[in-house]
Amino acid sequence: MVFIGMDHGTTGISFCIMSDEGNVIDVFKIGREESKKGLVSATEELEKRVDFSDVKLMAITYAMGDGISKILPTEKVENRGILSINGAGKVTGGGTSVFSELEKLDIDSVMIPGLHKDSTSLNELFRAAYSHQASPEKVSISYNALKETGWSNFIVADISSNSVDILIEDGKIKGAIDACLGAMGVVHGPLDLEMIRDIDENNASANGCFSHAGAIKIAGIDGKVANMKDQLLKNYENGDGKAKLAIDTLIMTVAMEIAGLDVVCENEIEGIVLTGSIGSAREPFSFEDEINKYFNDKYELKVISKESGAIGAAQIAMDVFNGKKEILGIEVDI
């Protein structure tokens, strides 16, 4: 028997197929644009890799996940587990089309919630401070980090199109800082005063600003979301000064966010887990080495797969199927 995990990411939809022994059989990714245009089918790609009759459970992440606060059977979730699709970055429709395909499959599945003000698993101070802290794949990323390290008190830094840092204390998610609040990612970032003025003066939308507030703002890059990271790294490798400033600034903001989460952790931090397409990067620069310049070996740093969202979701599917009633403090209700 096998398990499937699905990561609803910014640039594409990733799947992990895992054996009942916890071994990764395959990981693959479907581009959002390709899915929307019908150029690729999630069903067909899965069928190439697995017999659906062997799949015991699939764990799905979708959009903000702010309409649910427990891990629930997909058929019991209304509106795909979201309050609204607005204000969530660029909407292409690719993730929606993949979800529609998965709904038609004869496979048992559960949905993983995001982290938000109604998440009773979180520390009440984080819930009071922020209406939204992280989307569902950050839960699966954190679960994979827990499995990979065995730590109970740590911070996960997921750095890619957006940057979200998650604090895990006593094996449970205490809180997180969302992309629109703190550190820059490649594409998304926090809204500063200049952007707020542009919004008030009707020169830009809040979502438009959020979707151009990351490192690309500094590097002067625009275009398709799926291409921005590669362009930024190419410019950096070619010695472009703006690209270097953009990367250095991104790293600085992540370091500040990690330090802030450390301050509010009541236990001693065992280490920092780095993931995401930038967080796990070795070339053209080592994110691990660059972030460590701020910490001077204060923390043990552990780099895990950039596909940790899909892998962690498959691990959640396997453990839920085997009877686990709680994941990182989040109740399982099936």
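FYI, it's all coordinate maths here, none of it is from the lab. Nothing here was measured: the structure is a model prediction, and the numbers come from that model. With ideal geometry, Cβ positions are generated from the backbone for all residues, glycine too; neighbour counts draw on all protein chains shown.
Quick check on my link table: of 70/147; 147/306; 48/147, which ones sit more than 23 Å apart, alpha carbon to alpha carbon? Correct reply: 48/147.
Bridge orientation summary for the chain: considering DSSP beta bridges with both residues in this region, about 65 percent are antiparallel.
Give me the Å³ per residue figure for the convex hull around the C-alpha atoms of the stretch 149-303. Don't skip to the end; give the middle numbers.
On the way: hull volume 17.3 nm³, N = 155.
So the per-residue hull volume is 111 Å³.
Using θ = phi - 60° in the Karplus curve 6.51 cos²θ - 1.76 cosθ + 1.60, the 3J(HN,Hα) couplings for the stretch 66-73 round to 8, x, 9, 10, 10, 7, 10, x Hz; x is entered for Gly and Pro. Only aspartates and glutamates eight or more places from residue 104 in sequence, or on another chain, were considered; those with a Cα closer than 17 Å are 44, 45, 47, 51, 54, 75, 78. Each peptide in 120-131, 225-236 receives the mean, over its residues, of other Cβ atoms within 10 Å, and ordering these scores from highest gives 225-236, 120-131. Put simply, the C-alpha atoms of the chain give a gyration tensor, and the ellipsoid matching it has half-axes of 29, 23, 20 Å, longest first.
Suppose only helical runs count, i.e. DSSP H with n ≥ 4. What mean residue ellipticity at 222 nm does that imply for the chain under -39500 (n - 2.57) per run, divided by all residues and rounded to the nearest 500 deg cm²/dmol?
Details: 13 runs with 124 residues, N = 334.
Calculated at 222 nm, the ellipticity per residue is -10500 deg cm²/dmol.
The phi-based Karplus calculation (6.51 cos²θ - 1.76 cosθ + 1.60; θ = phi - 60°) puts the 3J(HN,Hα) values of the stretch 210-215 at 4, 7, 9, 9, x, 4 Hz, whole numbers, x for Gly and Pro.
Rank-order 248-261, 136-149, 38-51, 298-311 by packing density, defined as the average count of other C-beta atoms within 10 Å over each peptide's residues, highest first. Before the final figure, lay out each step's value.
Details: 248-261: 19.3, 136-149: 26.0, 38-51: 14.2, 298-311: 21.6.
Sorting 248-261, 136-149, 38-51, 298-311 by mean packing, highest first, produces 136-149, 298-311, 248-261, 38-51.
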